[in-house]
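Note sheet for the following structure.
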Amino acid sequence: MSVTIYHNPDCGTSRNVLEIIRASGEEPEVVAYLERGWTRELLAGLLAAAGLTPRQALRTSKSPAEELGLTDPAVDDAILFEAMLKHPILVNRPIVVTKKGTALCRPSEKVFGLLDTPPERFTKEDGEVIRPD
């Protein structure tokens, strides 16, 4: 199975999801989107495949969303999308793509449903043990 993770190594959830994927026996393509940035086509495709609007994918904590005025509900999705292209940190993560679908994997347990053979259990960085449903 081909697995791609749009990953931020500074994020505990993203690190946990990456390790869950590896524990399933897959070695994913890891895209460091903060370094690479987004193309219009890629970001639009990922959001559409995950069934997310820019507002739903907006990262508001530990990002410049508030200082850019993007947390105001009156800001429309087109403006949010353009801001995400300029500031990749505004996109919540991790986003995982497999043949089973595309999802924003927050919480990290969401990744189980995208894997052919998820691990029976996984211990997250904080010591919490999680299992597929």
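Values computed for the structure shown
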| item | result |
| --- | --- |
| Complete set of residues in segment 99-133 that are among the β-branched types (Val, Ile, Thr) and under 30 Å from Leu70 (Cα atoms) | Thr102, Val111 |
| Some residue of segment 40-63 being over 30 Å from Gly127 (Cα atoms), open to solvent by less than 20 Å² (accessible area, probe 1.4 Å) and out of contact with any helix residue (DSSP H, G or I) (no Cβ under 8 Å at 6 or more places or on another chain) | yes |
| Qualifying residue in segment 111-119 (condition: buried (at least 20 other Cβ atoms within 10 Å of the Cβ) and not in a helix (DSSP H, G or I)) | yes |
| Meets criteria (touching a Gly at 6+ places or on another chain (Cβ under 8 Å), open to solvent by 40 Å² or more (accessible area, probe 1.4 Å) and under 30 Å from Pro132 (Cβ atoms)) for Ala23 | no |
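Conditions tested, residue by residue: (1) open to solvent by less than 50 Å² (accessible area, probe 1.4 Å); (2) closer than 21 Å to Asp10 by Cβ; (3) modelled with pLDDT of 95 or more; (4) hydrophobic (A, V, I, L, M, F, W, C).
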site: Leu80; (1), (2), (3), (4): yes, no, yes, yes
site: Thr98; (1), (2), (3), (4): yes, no, yes, no
site: Cys105; (1), (2), (3), (4): yes, yes, yes, yes
site: Gly127; (1), (2), (3), (4): yes, yes, yes, no
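The values are calculated or read from the model by the stated rules, or taken from the named source; none is laboratory data. Everything quoted here is computed from the prediction, not taken from an experiment. In this analysis, Cβ positions are derived from the backbone assuming ideal geometry, glycine residues included, and neighbour counts consider all displayed protein chains. When the accessible area is computed, the model is the full protein with side chains, heavy atoms only, and any ligands, DNA or RNA have been set aside. Shrake-Rupley method; radii C 1.70, N 1.55, O 1.52, S 1.80 Å.
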